[in-house]
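Trainee: Got a structure here, written out as structure tokens. Questions coming.
The values are calculated or read from the model by the stated rules, or taken from the named source; none is laboratory data. Quantities reported herein were computed from a predicted structural model and do not represent experimental measurements. Note that each Cβ is placed from the backbone with ideal geometry, even for glycine, and that neighbours are counted across all protein chains shown.
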2 protein chains.
Amino acid sequence: MMTLWSYWRSGAAHRVRIALELKGVAYQIAPVDLRAGAQKAEDYRARNPQALVPTLEVGGHRLTQSLAIIEWLDERYPTPPLLPDDPIARAQVRAAAAVVACDVHPLGNLRVLNAVRGLGADEAGVASWARGWITSGFEALERLLEDAGREGPFAFGPEPGLADCTIAPQLYAAQDRYAIDLAPFPRLAALDSAAQAHPAFIAAHPLSQPDAPES
Amino acid sequence: MMTLWSYWRSGAAHRVRIALELKGVAYQIAPVDLRAGAQKAEDYRARNPQALVPTLEVGGHRLTQSLAIIEWLDERYPTPPLLPDDPIARAQVRAAAAVVACDVHPLGNLRVLNAVRGLGADEAGVASWARGWITSGFEALERLLEDAGREGPFAFGPEPGLADCTIAPQLYAAQDRYAIDLAPFPRLAALDSAAQAHPAFIAAHPLSQPDAPES
């Protein structure tokens, strides 16, 4: 069985959990406690030289980087597809995924927020830093989805795909950690509602994870 | 003909120029002067809602996000391939590309360095911020390439591919802007030398661009 090295609150691990659930692939979770620094231990670094989650272990291989893992899953388990057939549409889906994965999430993950604290920012400054990148990313995403003009409620159609795997975790983090209101982003709000009602997204949710704190 | 909205010194535009040159596709450069804020003009934002470069205009479509554009190019023009055939190998190549595109470059681009200045960092602090992310990314990349165990001089073989499209621009920026020595990274140093001698990389180089300052 595949093993996903994961942390309940990591947005990048959350993406891969959604993809695994959408594909219906059997996997087990191996928690890595980022708050305790477990990702820096030598045995974990041997699995993931970046000391980041997620890592997917499968057949003796250690796959890293959430988008690379999800593309692999989509090639290995083609049903249901996470990318459309049309090349231009595929590029639009990948671009929307990359807005989150390249231009929003990396600026708000734990190691970067710690570095922002290291520059002297107080907690209000750290939150303002994170909120600013999330908000500008959401504005761009809303416009990209609008321009693509597909029906919803998911980013590019009635069924979830690669873009939803990255956007839904960011919507969760934006609301849960930074109390960002989705009202100015109607397409993202519709995606969020659809994800909250979808079995794969429910199973992959941070609060459904074995390492989540008990409520 | 395709039009690439580009800035000579943008690492993300640089990646797409390399891919276009490797594919031998005809394109024209439309410069966007990031230093002058041209990316924020309304007519450019209509092309790219993130107000970032690159944007590739092709057949009435506006493609954004460098990795999504390169994947599209690779699907539309399959020769020479930028990804291997084997699914696990494809995941390794995409992961190496993502180390740069998700975890190094976004922390050192113009808008983020300006935000770091906004937190009160002086120029030495800004350079130290950028150098730290580049160095830790290169350490991880060197180990990922070592673990993959492919022959060089490019990241995953004797011919360049998707990973090289992202790594080579980051190697240029690291040396040109931050005087980072590649000696501790023998595989990256070999990639850098091979890229400097390769016609596609030479044509795509920042200093070969129409909007580069005259030397």
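Trainee: Residue under question is A:Ala200, and the condition is that it be of a type outside the set (Val, Ile, Thr) and either assigned to a helix (DSSP H, G or I) or surrounded by 15 or more Cβ atoms within 10 Å (Cβ to Cβ) (or both); does it hold?
Mentor: Details: of a type outside the set (Val, Ile, Thr): yes; either assigned to a helix (DSSP H, G or I) or surrounded by 15 or more Cβ atoms within 10 Å (Cβ to Cβ) (or both): yes.
The answer is yes for A:Ala200.
Trainee: If you don't mind, there's one more thing I want to ask. Looking only at the range A:102-111, count how many residues are among the aliphatic types (A, V, I, L, M) and within 7 Å of chain B (Cβ to nearest Cβ). Reasoning before the result, please.
Mentor: Initial filter on the range A:102-111 (among the aliphatic types (A, V, I, L, M)): A:104, A:107, A:110.
With within 7 Å of chain B (Cβ to nearest Cβ) added as a condition, the list becomes A:107.
Total satisfying the criteria: 1.
Trainee: Looking for whichever is at negative phi, surrounded by fewer than 20 Cβ atoms within 10 Å (Cβ to Cβ) and more than 9 Å from chain B (Cβ to nearest Cβ) here; the options are A:Arg17, A:Arg9, A:Arg45, A:Arg35. Which one fits?
Mentor: Working: A:Arg17 fails: surrounded by fewer than 20 Cβ atoms within 10 Å (Cβ to Cβ); A:Arg9 fails: surrounded by fewer than 20 Cβ atoms within 10 Å (Cβ to Cβ); A:Arg45 fails: more than 9 Å from chain B (Cβ to nearest Cβ).
After ruling out the rest, the residue left standing is A:Arg35.
Trainee: Right, here's the next one. So how many residues does the range A:140-183 have that are closer than 12 Å to A:His105 by Cβ and in a loop (DSSP other than H, G, I, E, B)?
Mentor: 0
Trainee: So, of the residues in the range B:57-71 that are over 12 Å from B:Trp5 (Cα atoms) and surrounded by fewer than 24 Cβ atoms within 10 Å (Cβ to Cβ), which turns out to be nearest to the other protein chains (Cβ to nearest Cβ)?
Mentor: Filtering first and then ranking leaves B:Ala68.
Trainee: Let me ask something additional. If A:Gln196 meets every condition in (1) in contact with a His (Cβ under 8 Å, 6 or more places away or on another chain); (2) without any contact (Cβ under 8 Å) to a residue 24 or more places away in the chain apart from one, which number is that one?
Mentor: Against the list (1) in contact with a His (Cβ under 8 Å, 6 or more places away or on another chain); (2) without any contact (Cβ under 8 Å) to a residue 24 or more places away in the chain, A:Gln196 comes up short only on (1).
Trainee: Of the residues A:Arg111, A:Arg94, A:Arg15, which single one is closer than 16 Å to B:Cys102 by Cβ and at pLDDT below 95?
Mentor: Criteria check complete, one pass: A:Arg111.
Trainee: Now, a different point. Taking the range A:80-95 on its own, how many of its residues are without any contact (Cβ under 8 Å) to a residue 12 or more places away in the chain and closer than 17 Å to A:Ala26 by Cβ?
Mentor: Count: 0.
Trainee: In the range B:112-119, is there at least one residue being more than 21 Å from B:Ala13 (Cα to Cα), without any contact (Cβ under 8 Å) to a residue 12 or more places away in the chain and away from chain A (no Cβ under 13 Å)?
Mentor: No, the range B:112-119 has no match at all.
Trainee: Quick check on the range A:120-133: of everything there that is facing chain B (nearest Cβ under 8 Å) and in a helix (DSSP H, G or I), which residue is nearest to B:Leu113 (Cα to Cα)? Write out each step before concluding.
Mentor: Narrowing the range A:120-133 to residues facing chain B (nearest Cβ under 8 Å): A:120-121, A:125, A:129, A:132.
Add one more test, that the residue is in a helix (DSSP H, G or I), and what stays is A:125, A:129, A:132.
On the way: A:Gly125: 16, A:Trp129: 12, A:Gly132: 14 Å.
The qualifying residue nearest to B:Leu113 (Cα to Cα) is A:Trp129.
Trainee: Condition first: charged (D, E, K, R), more than 16 Å from the chain's Cα centre (by Cα), closer than 27 Å to A:Arg62 by Cα and more than 14 Å from every other protein chain (Cβ to nearest Cβ). Can you find one or more residues in the range B:158-166 that meet it?
Mentor: The answer is yes, given that some residue of the range B:158-166 is charged (D, E, K, R), more than 16 Å from the chain's Cα centre (by Cα), closer than 27 Å to A:Arg62 by Cα and more than 14 Å from every other protein chain (Cβ to nearest Cβ).
Trainee: Collect the residues in the range A:49-85 that are more than 18 Å from A:Asp164 (Cα to Cα) and either in a helix (DSSP H, G or I) or assigned by TED's automatic domain parsing to the domain that holds A:Ile167 (or both), keeping them in residue-number order.
Mentor: Once the filter is applied, which keeps residues that are more than 18 Å from A:Asp164 (Cα to Cα) and either in a helix (DSSP H, G or I) or assigned by TED's automatic domain parsing to the domain that holds A:Ile167 (or both), the range A:49-85 yields only A:Arg76.
Trainee: Which residues, taken from the range A:76-92, are within 19 Å of the chain's Cα centre (by Cα), under 18 Å from B:Leu83 (Cβ atoms) and facing another protein chain (nearest Cβ under 8 Å)?
Mentor: Residues satisfying the conditions are A:Arg90, A:Ala91.
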